[in-house]
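Asker: Starting off with a structure, shown below.
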Amino acid sequence: MSMWQIRQARRAALATTVAAALTFTLSACGGDDGGDKAADKPSIEQTNDSQGKGTGGTGEVADDSKVIVTLKGPEDIILDINSVVRDAGGFVTVNGVLKNTGDKEFYETSLWTGPELDLKKGAGGGSLGGASLVDKEEKKRYYTLRDTENRPLATMGIPSVKANSELNVFMQFPAPPENTAHVDLQIPTFQTATVEITGG
């Protein structure tokens, strides 16, 4: 075999080795990309619109003509609670209608977000993320659920409540034990109210 043939054989072998190495590298990167995409998926499926009502995972929107209890808030603000539903997925959805019964626009909505700084950053002008359910028998407090970006699963983006206006709202919480039928609903600046959990 001549020197030229030997050199050609070496080049062919080197090219084959490089191609195999590139194939392995690309395959490994593809696997990493898939893992990152899976990690980006929320750990909790949000079945609600941040400005609307939650379905509680049942696919049915609460009837806002039925008022379970009314919470008195600051100034002329009230909150009518329409439903408190336990879902098989392990959470409780509270639906209601936020009302301003006065003739002046209400701006202090950031008070409802609660004291946690992360919630204030993601509220976009105020939210109901500061709400909680209190199980007095078990002596436990349940705060609103969060998505993977630490945003509350509750109505967000409430910069103000216009005079004589209404807004459909919702809040989602971890579900208390099955034998817990009544909890206290607490929202900053609103009166506390005892509500009954239905469904399951």
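Asker: Out of residues 5 or more away from Ile197 or on other chains, whose amide H comes under 5 Å of its own, with H placed 1.01 Å from N in the peptide plane?
Answerer: Distant-sequence amide H within range of Ile197: His182, Val183.
Asker: Under 5 Å between amide H atoms, partner at least 5 residues away or on a different chain: which partners does Phe91 have, H built in plane at 1.01 Å?
Answerer: Placed amide hydrogens put Ala175 under 5 Å from Phe91.
Asker: Across the stretch 189-194, in residue order, what do the Karplus-derived ³J(HN,Hα) couplings come to in whole Hz, using 6.51 cos²θ - 1.76 cosθ + 1.60 with θ = phi - 60° and x for Gly and Pro?
Answerer: Ordered by residue, 3J(HN,Hα) equals 6, 9, 5, 6, 9, 8 Hz.
Asker: Using amide H atoms built 1.01 Å from N in the peptide plane, name the residues 5+ places from Gly126, or on other chains, whose amide H lies under 5 Å from its own.
Answerer: Gly157, Ile158
Asker: Roughly speaking, to the nearest percent, how much of the stretch 129-200's 1.4 Å accessible area is carbon and sulfur?
Answerer: Answer for the stretch 129-200 is 45 percent, counting heavy atoms of protein chains only.
Asker: Also, quick follow-up: Around Gly199, with a cut-off of 9 angstrom between Cβ atoms, what is the net charge of the other residues, counting Lys and Arg +1 and Asp and Glu -1?
Answerer: 0
Asker: Run the simple label-point estimate for Glu137 and Ser160 please: 7 Å along Cα→C-beta, distance reported in nm.
Answerer: Using points 7 Å along Cα→Cβ, the separation is 4.5 nm.
Asker: Based on the alpha-carbon gyration tensor of the stretch 147-200 and its eigenvalue square roots a ≥ b ≥ c, which shape applies: rounded if a/c is under 1.5, prolate if not and a/b is larger than b/c, or oblate?
Answerer: Cα axes put the stretch 147-200 in the oblate bin.
The values are calculated or read from the model by the stated rules, or taken from the named source; none is laboratory data. The structure presented is a predicted model; accordingly, all values stated were derived computationally and were not measured. In this analysis, Cβ positions are derived from the backbone assuming ideal geometry, glycine residues included, and neighbour counts consider all displayed protein chains. Quick note on the areas: whole protein, heavy atoms, side chains included, nothing else; ligands and nucleic acids left out. Shrake-Rupley method; radii C 1.70, N 1.55, O 1.52, S 1.80 Å.
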